[in-house]
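Here is the structure we will look at, set down as structure tokens.
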Amino acid sequence: MTKPGHSMGVFLATCGAVASATLLTIVACLRFGPGHADAEPASNPAGSHAADPASAGAGTKPRAASTVDAILSAADKLVQQGEADRAEAVLRAAVAEQPEDQELRLALAGACVMQKKLAPAYEQYEAALAIGPRTAEVEFNAGIVASQLGRIDRAEEHFSAAQASDLSDPRYPLYLAQVQIRAEEFDAARKNLMLATRLDENSAVAWGTLADLSLRQSEPNVALQLVKRARTLEPDSTAWRVIEARARNRLGQAAEALAVLQGIAVADRRQLPILRLVGETYGLLGKPAQAAKEFEEAAQATPANPDLLFETAVWCERAGRQADALRYAQQATRAGSESASKMAQRLSHELSGG
């Protein structure tokens, strides 16, 4: 399984892992079972292995199964050649002829995900589940796509079903908790996150998400202890540094928060959500000039971002640099910021002695 990427708040993994695997790996174990899989594990959400048609007893299988294998092999080759669109066409034709074949449906879902066609992919997952078997992995993958589509209620149903089918897999309570947070079901989310940490105490995402949830519920002391666990497991993670800095700011530890933020790579620190936290931290320290400097450096690196230019103007004004504030406000106005336009008019009036 590909490890979930980090983001502020919710850490839902994408289905991109499907794109790194061959289509056959999605369905091999469903048809042939583990005994017919390759020895090397594949990286894909289903956690399956690539099938070896030659070792799967092709000569003894029913004709329909052999035909499906040939179709999957052809689609698999197209995917490996970077032609997921052609693989999709092959699989759609096959599904039209054999609509009750779950493996074909799952492979088609994978081809759609590779092309970021999430709605068609989800349709195929729903069809595959209706056909059966409703395995935990299929429910899980359907939940990932549903969550990416913003269908939180359906994602919650899929992750709950996956968890009910397999109580030992820490991914299921973790992902379920993440969609529950999005649905503001915080008590249920906390319960599932705690379960995820018990099943896998080395899950930085589980500890970090628990910390983020604690901040949402105004528990900065608890959040700080939890995020320390995440940072111990993943010391280079920007997400965990951000959560720690937020917790420390709430606890009146702005100097410590700033030290944590300064450990973030410059390119990441210049992303506006993190830059705002940097500005907030300097503000708590009574250093608006330093915040203005950080914003200016970011604005110079990204001169066409209206929000960044406007907020740079705001910090320049807080630092007592009205002329620079006007200049950035005017730039932001030209970039399309309505708020900056009003600010520029006001500053221009003030600087002209009006």
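The values are calculated or read from the model by the stated rules, or taken from the named source; none is laboratory data. Since this is a predicted model, take the numbers as computed values, not measurements. In this analysis, Cβ positions are derived from the backbone assuming ideal geometry, glycine residues included, and neighbour counts consider all displayed protein chains.
Here's the yes/no breakdown for (1) within 19 Å of Ser73 (Cβ to Cβ); (2) of a type outside the set (Asp, Glu); (3) under 17 Å from the mean Cα position of the chain (by Cα); (4) buried (at least 24 other Cβ atoms within 10 Å of the Cβ):
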| residue | (1), (2), (3), (4) |
| --- | --- |
| Val95 | yes, yes, no, no |
| Ala111 | yes, yes, no, yes |
| Lys117 | no, yes, yes, no |
| Leu129 | no, yes, no, no |
| Asn141 | no, yes, yes, yes |
| Ser147 | no, yes, yes, yes |
message: Being among the charged types (D, E, K, R), farther than 21 Å from Leu193 by Cα and touching a helix residue (DSSP H, G or I) at 6+ places or on another chain (Cβ under 8 Å) is the filter here; which residues of the stretch 230-258 pass it?
response: Arg248, Arg250, Glu256
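Quick grid of which residues meet (1) more than 20 Å from the chain's Cα centre (by Cα); (2) more than 15 Å from Ser203 (Cα to Cα); (3) modelled with pLDDT under 95:
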| site | (1), (2), (3) |
| --- | --- |
| Leu226 | yes, no, no |
| Trp240 | no, no, no |
| Ala255 | yes, yes, no |
| Leu261 | yes, yes, no |
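Conditions (1) within 18 Å of Thr67 (Cβ to Cβ); (2) in a helix (DSSP H, G or I); (3) among the small types (Gly, Ala, Ser), marked per residue:
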site: Glu100; (1), (2), (3): yes, no, no
site: Ala107; (1), (2), (3): yes, yes, yes
site: Val113; (1), (2), (3): no, yes, no
site: Ala121; (1), (2), (3): no, yes, yes
site: Gln124; (1), (2), (3): no, yes, no
site: Leu129; (1), (2), (3): no, yes, no
site: Pro133; (1), (2), (3): no, no, no
site: Glu137; (1), (2), (3): no, yes, no
site: Phe140; (1), (2), (3): no, yes, no
Residue satisfying all of: in the stretch 185-214; touching a Lys or Arg at 6+ places or on another chain (Cβ under 9 Å) and acidic (Asp, Glu); farthest from Ala162 (Cα to Cα) among these: Asp212
message: Of the residues Ala344, Ala323, Ala319, Ala329, only one is modelled with pLDDT of 95 or more, surrounded by fewer than 16 Cβ atoms within 10 Å (Cβ to Cβ) and over 33 Å from the mean Cα position of the chain (by Cα); which?
response: Ala323
Residues satisfying the stated conditions in the stretch 213-229, i.e. surrounded by 23 or more Cβ atoms within 10 Å (Cβ to Cβ) and over 16 Å from Ala189 (Cβ atoms): Val227
- request: Would you point out which residue out of Asp236, Asp200 is touching a Pro at 6+ places or on another chain (Cβ under 9 Å) and of a type in the set (Asp, Glu)?
  value: Asp200
task: Keeping to the stretch 125-143, report how many residues are touching a residue at least 24 places away in the same chain (Cβ under 8 Å) and within 18 Å of Ala87 (Cβ to Cβ).
output: 3
statement: Over the stretch 186-212, the set of residues surrounded by fewer than 23 Cβ atoms within 10 Å (Cβ to Cβ), among the acidic types (Asp, Glu) and in contact (Cβ under 8 Å) with a residue 12 or more places away in the chain is Asp200
message: Just to be sure before I move on: is Glu156 within 28 Å of Leu226 (Cα to Cα), of a type in the set (D, E, K, R) and either modelled with pLDDT under 95 or under 19 Å from the mean Cα position of the chain (by Cα) (or both) in the structure I sent?
response: yes
message: Within the stretch 150-158, does at least one residue satisfy the condition of being within 24 Å of Lys191 (Cβ to Cβ), in contact with a Pro (Cβ under 8 Å, 6 or more places away or on another chain) and of a type outside the set (Phe, Trp, Tyr)?
response: no
query: Within the group Arg276, Arg318, Arg269, which residue is among the charged types (D, E, K, R) and more than 25 Å from Ala239 (Cα to Cα)?
result: Arg318
task: Assess whether Glu296 counts as being assigned to a helix (DSSP H, G or I), surrounded by fewer than 22 Cβ atoms within 10 Å (Cβ to Cβ) and without any contact (Cβ under 8 Å) to a residue 60 or more places away in the chain.
output: yes
